[in-house]
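Asker: To start, I am sharing the structure in question, which I have written as structure tokens.
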Amino acid sequence: MHGRVKVRTTEEERERKKKEQALKVRAYRAAMGRIQKKREAGELDNEMLTLTVQILQRNPDVSTLWNIRRECVLEKLSKLKDEEERSQQEVEEKPTEEGPLEDEPQEKEPLADDKAHSIFTCELDLTEQCLMVNPKSYNAWHHRCWTLEQNPRADWQRELQLCNKYLKFDERNFHTWDYRRYVTEKASVPAAQELDFCTEKIKVNFSNYSSWHHRSLLLPELYPNEQKTRPMSEEKLQQELEMVLTAAFTDPNDSSAWFYQRWLLGSGAQLDRAPRIAAFRLESHGAVLALDKPYPDLKQLKTELVGGEQKVLLQSWLPVDCSGTSWKCQQTFDYQRNTTYTLKLSEQEVNLLPLPGNEDGAFYFAPPHAVASCSKELLAELQTQLQSCLELLEFEPDSKWTLLTSALLMRAIDASANHQKSLEHLAKLEKVDALREGYYKDLAARWTLELELAKWPQADGFPRDFALPQDVILASLPYKQYFIIADELKLSSKLKETLGDLVPKTFKNLKVQNDL
């Protein structure tokens with residue numbers, strides 16, 4: 001029996017861990033108690049720094065301790081500055097004839113900036129130690145950024161190498177990617193060089209969400225689309241679609257490449273641009289306005305109505321809904337028939353049409369565009385990709401990412417012609433991916449309303465009333481701000497019952513059709 005290691009029983013192991021935990025808690029409480037007392041006494045000294053290190057090296061996520069360390073660092077820097085000013089003043093006041101002889105050796109104190117740099121280096125070393133414990137510590141990454149911002153001698157090339165080091169440990173750590181974006185901006189790394197870095201990382205591992213995202217931020221900068229209808233130029237978009245399809249088909253069950261492809265198929269620069277006019281109606285007693293994207297306060301945007309010799313600034317806008325897409329203005333206006341009016345919102349200018357009938361007023365309506373137009377070359381690529389997806393579905397009919405992507409490709413090619421087929425894919429996805437059933441239903445509602453709103457200008461009664469066909473059943477009511485110019489929203493009683501409180505209350509009347 002000699003020489004054999006005794007294996008602890010489960011009960012012994014549990015008791016041992018319990019005692020270790022009790023000791024850790026006791027030490028933590030003692031250290032925190034001491035830290036709080038010193039902080040209350042204003043003792044931001046080396047002992048305080050030592051006490052915080054003992055805890056942070058085990059748990060880097062104690063925000064209070066990082067705040068205390070910043071207080072200590074600022075206190076040290078303040079003292080160094082005071083010492084430097086006093087030293088400089090003494091040198092200026094000291095008579096030159098009393099200076100030291102040339103052959104007499106003198107000890108020179110380290111320069112203040114060297115001492116400050118040493119303080120910053122200590123903080124950076126600590127964050128590295130803490131990131132080895134938890135590479136996803138928000139607090140440690142934030143403290144590192146703060147330290148570098150304080151240090152005028154920050155070595156950004158070293159920080160870039162540090163990012164490479166941590167991405168070797170975990171190439172999908174989004175904290176490191178966020179930090180890398182911060183560092184590359186400071187180090188003035190060319191965007192083309194960063195794009196090459198992303199490409200290499202993706203080649204190593206297609207399932208790298210962070211690298212795909214980083215790529216999506218670089219491409220619009222390197223290959224801008226002048227029309228702002230796509231995320232990037234069509235030529236580069238075609239190349240990206242070819243690359244991402246290879247990645248997606250390598251592992252159809254991995255979602256990272258499919259997500260990136262969805263971004264490629266989407267419209268460009270929607271989040272960065274100012275809101276556009278979706279619908280507008282003017283009458284003598286006021287106006288209503290709908291935006292295609294939320295905006296917190298319409299008063300911040302100049303809204304001007306121009307007609308003939310009139311130039312009126314529309315003010316006192318009030319929100320109609322909580323989303324910031326629908327607004328009303330009760331400002332009176334002297335409307336004149338046979339006059340062409342235009343509405344200016346920020347840098348956008350649109351022409352208004354007179355309301356049908358004898359009532360004075362004008363309106364504007366621009367339905368939400370399902371997709372943007374594309375070149376023949378890009379269209380051919382989209383059709384090739386759709387065919388590849390449909391072929392894959394023959395072998396894997398329940399592949400959710402392939403089902404969704406094929407539906408998106410159909411809409412990118414021809415939203416109207418492929419509408420019914422794309423809805424069939426969403427209906428199948430509700431069964432294949434039941435956990436996201438609500439998302440697919442909302443997406444179906446959005447696509448359906450995009451089609452119906454596009455047909456509205458050709459319907460009878462436009463823009464007075466909007467009617468949904470009897471057979472249309474929606475789980476939600478997106479784009480509701482577009483209906484603000486209507487007097488009536490005609491829904492079947494079944495659909496009204498399904499939507500319930502989702503039906504907007506901003507209409508003058510709400511007519512409910514009887515079921516056929």
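The values are calculated or read from the model by the stated rules, or taken from the named source; none is laboratory data. All of these numbers come straight from a predicted model, not from anything done at the bench. Every residue, glycine among them, receives a Cβ derived from its backbone with ideal geometry; neighbour counts consider all protein chains shown. Surface areas here come from the heavy atoms of the whole protein model, side chains and all, with no ligands, DNA or RNA. Shrake-Rupley method; radii C 1.70, N 1.55, O 1.52, S 1.80 Å.
Asker: For residues that are within 14 Å of residue 405 (Cβ to Cβ) and either among the hydroxyl-bearing types (Ser, Thr, Tyr) or at pLDDT 85 or above (or both), tally how many sit in region 250-274.
Answerer: Count: 12.
Asker: Name the residue that is least open to solvent (accessible area, probe 1.4 Å), counting only residues in region 468-497 that are under 15 Å from residue 288 (Cβ atoms) and part of a strand (DSSP E or B).
Answerer: Residue satisfying both the conditions and the ranking: 489.
Asker: Out of region 161-194, which residues are aliphatic (A, V, I, L, M) and surrounded by fewer than 18 Cβ atoms within 10 Å (Cβ to Cβ)? Break it down into steps so the answer makes sense when it comes.
Answerer: Looking only at region 161-194, we keep the residues that are aliphatic (A, V, I, L, M), and these are 162, 167, 183, 187, 189, 191-192.
Passing the criteria: 187, 189, 191, 192.
Asker: Does residue 441 satisfy being outside the structural domain of residue 352 (by TED's automatic domain parsing), of a type outside the set (Val, Ile, Thr) and at pLDDT 90 or above? Talk me through it step by step, then tell me what you get.
Answerer: On the way: outside the structural domain of residue 352 (by TED's automatic domain parsing): yes; of a type outside the set (Val, Ile, Thr): yes; at pLDDT 90 or above: yes.
When the stated conditions are applied, residue 441 passes them.
Asker: Continuing with this model, one more query. Restricting to region 137-157, and then to whatever is of a type in the set (A, V, I, L, M) and part of a helix (DSSP H, G or I), can you tell me which residue is farthest from residue 114 (Cα to Cα)? Spell out how you get there, then give the answer.
Answerer: Filtering region 137-157 for residues of a type in the set (A, V, I, L, M) gives 140, 148, 154.
Remaining after also requiring part of a helix (DSSP H, G or I): 140, 148.
On the way: 140: 24, 148: 15 Å.
Here the residue is 140.
Asker: Quick check on this structure: which one of 309, 283, 242 is open to solvent by less than 60 Å² (accessible area, probe 1.4 Å) and among the acidic types (Asp, Glu)?
Answerer: Of the residues listed, the single one that is open to solvent by less than 60 Å² (accessible area, probe 1.4 Å) and among the acidic types (Asp, Glu) is 283.
Asker: State whether the residues of region 215-237 include one that is aliphatic (A, V, I, L, M), in contact with a helix residue (DSSP H, G or I) (Cβ under 7 Å, 6 or more places away or on another chain), modelled with pLDDT of 90 or more and under 21 Å from residue 413 (Cα atoms). Show your work before the answer.
Answerer: Looking only at region 215-237, we keep the residues that are aliphatic (A, V, I, L, M), and these are 217-219, 222, 232, 237.
The next check asks that each one be in contact with a helix residue (DSSP H, G or I) (Cβ under 7 Å, 6 or more places away or on another chain); those that pass are 218-219, 222, 232, 237.
Still in the running and modelled with pLDDT of 90 or more: 218-219, 222, 237.
Checking the rest, the ones that are also under 21 Å from residue 413 (Cα atoms) come to 237.
Yes, that holds for at least one residue.
Asker: Might you let me know whether region 384-400 holds any residue that is out of contact with any Leu (no Cβ under 7 Å at 6 or more places or on another chain), in contact (Cβ under 8 Å) with a residue 24 or more places away in the chain and either of a type in the set (Gly, Ala, Ser) or closer than 16 Å to residue 264 by Cα (or both)?
Answerer: No.
Asker: Next question, about the same structure. Here are the criteria: (1) touching a residue at least 40 places away in the same chain (Cβ under 8 Å); (2) open to solvent by 80 Å² or more (accessible area, probe 1.4 Å). Tell me which single one residue 130 does not satisfy.
Answerer: Single failed check for residue 130: (2).
Asker: I would also like to ask the following. Are any residues in region 199-228 open to solvent by less than 60 Å² (accessible area, probe 1.4 Å) and under 19 Å from the mean Cα position of the chain (by Cα), and if so, which ones?
Answerer: 208, 210, 211, 212, 214, 215, 216, 218, 219, 220
Asker: So, one more: Would region 257-274 turn up any residue that is surrounded by 20 or more Cβ atoms within 10 Å (Cβ to Cβ), farther than 26 Å from residue 377 by Cβ, touching a strand residue (DSSP E or B) at 6+ places or on another chain (Cβ under 9 Å) and hydrophobic (A, V, I, L, M, F, W, C)?
Answerer: There is no residue in region 257-274 that is surrounded by 20 or more Cβ atoms within 10 Å (Cβ to Cβ), farther than 26 Å from residue 377 by Cβ, touching a strand residue (DSSP E or B) at 6+ places or on another chain (Cβ under 9 Å) and hydrophobic (A, V, I, L, M, F, W, C).
Asker: Restricting the first residue to region 477-502 and requiring it to be free of Cβ contacts under 8 Å to residues at least 24 places away in the same chain, which pairs with a second residue that is hydroxyl-bearing (Ser, Thr, Tyr) and open to solvent by 40 Å² or more (accessible area, probe 1.4 Å) meet a Cβ separation below 7 Å and a spacing of at least six or different chains?
Answerer: The qualifying pairs do not exist here.
Asker: Inspect all residues belonging to region 143-161 and state whether any of them is modelled with pLDDT of 95 or more and within 12 Å of residue 60 (Cβ to Cβ).
Answerer: Yes, because at least one residue in region 143-161 is modelled with pLDDT of 95 or more and within 12 Å of residue 60 (Cβ to Cβ).
Asker: A further question follows. Taking interchain pairs and intrachain pairs at least six residues apart, which have beta carbon atoms under 9 angstrom, with the first residue in region 39-61 and not assigned by TED's automatic domain parsing to the domain that holds residue 136 and open to solvent by 80 Å² or more (accessible area, probe 1.4 Å) and the second of a type in the set (Val, Ile, Thr) and assigned to a helix (DSSP H, G or I)?
Answerer: Hits for this filter: zero, empty list.
Asker: Select from region 170-196 the residues that are in a loop (DSSP other than H, G, I, E, B) and touching a Lys or Arg at 6+ places or on another chain (Cβ under 8 Å) and list them in ascending order. Give the derivation first.
Answerer: Going through region 170-196, the residues in a loop (DSSP other than H, G, I, E, B) turn out to be 170-173, 187-190.
Across region 170-196, the qualifying residues are 171, 173.
Asker: Right, next: Being outside any helix (DSSP H, G or I) and not aliphatic (A, V, I, L, M) is the filter; apply it to region 6-38 and report the residue that is surrounded by the most Cβ atoms within 10 Å (Cβ to Cβ). Spell out the reasoning first.
Answerer: Applying the first criterion (outside any helix (DSSP H, G or I)) to region 6-38 yields 6-9.
Now narrow it down to the ones that are not aliphatic (A, V, I, L, M): 6, 8-9.
Values: 6: 7, 8: 11, 9: 9.
Filtering region 6-38 for residues that are outside any helix (DSSP H, G or I) and not aliphatic (A, V, I, L, M), the one surrounded by the most Cβ atoms within 10 Å (Cβ to Cβ) comes out as 8.
Asker: With respect to the numbered conditions (1) open to solvent by 30 Å² or more (accessible area, probe 1.4 Å); (2) at pLDDT below 90, which one is the sole condition not fulfilled by residue 247?
Answerer: (1)
Asker: Also: Tell me, which helices (runs of 4 or more DSSP H) lie completely within region 356-467 with 2 or more residues that are surrounded by 18 or more Cβ atoms within 10 Å (Cβ to Cβ) and of a type in the set (Ser, Thr, Tyr)? Give the derivation first.
Answerer: Numbers: elements: 376-395, 400-414, 419-432, 437-455.
In region 356-467, the matching helices (runs of 4 or more DSSP H) lie at 400-414, 437-455.
Asker: Now a separate question. Can you go through 387, 348 and tell me which one is at pLDDT 90 or above and either β-branched (Val, Ile, Thr) or not assigned by TED's automatic domain parsing to the domain that holds residue 464 (or both)? Spell out the reasoning first.
Answerer: Values: 348 fails: either β-branched (Val, Ile, Thr) or not assigned by TED's automatic domain parsing to the domain that holds residue 464 (or both).
Testing whether each residue is at pLDDT 90 or above and either β-branched (Val, Ile, Thr) or not assigned by TED's automatic domain parsing to the domain that holds residue 464 (or both) leaves just 387.
Asker: If a residue has to be within 22 Å of residue 354 (Cβ to Cβ) and assigned to a loop (DSSP other than H, G, I, E, B) to count, how many in region 277-302 make the cut? Steps first, answer last, please.
Answerer: Filtering region 277-302 down to residues within 22 Å of residue 354 (Cβ to Cβ) leaves 277-290.
Imposing the further condition that a residue be assigned to a loop (DSSP other than H, G, I, E, B) reduces the set to 284-285.
Here the count works out to 2.
Asker: Something else about it: From the set of residues in region 333-349 that are in contact (Cβ under 8 Å) with a residue 12 or more places away in the chain and surrounded by fewer than 12 Cβ atoms within 10 Å (Cβ to Cβ), which is nearest to residue 359 (Cα to Cα)? I'd like the intermediate steps shown before the answer.
Answerer: Initially, region 333-349 is screened for residues in contact (Cβ under 8 Å) with a residue 12 or more places away in the chain, giving 333-337, 339-348.
This time we only want the ones that are surrounded by fewer than 12 Cβ atoms within 10 Å (Cβ to Cβ), so: 334, 337, 347.
Working: 334: 13, 337: 10, 347: 30 Å.
Result: 337.
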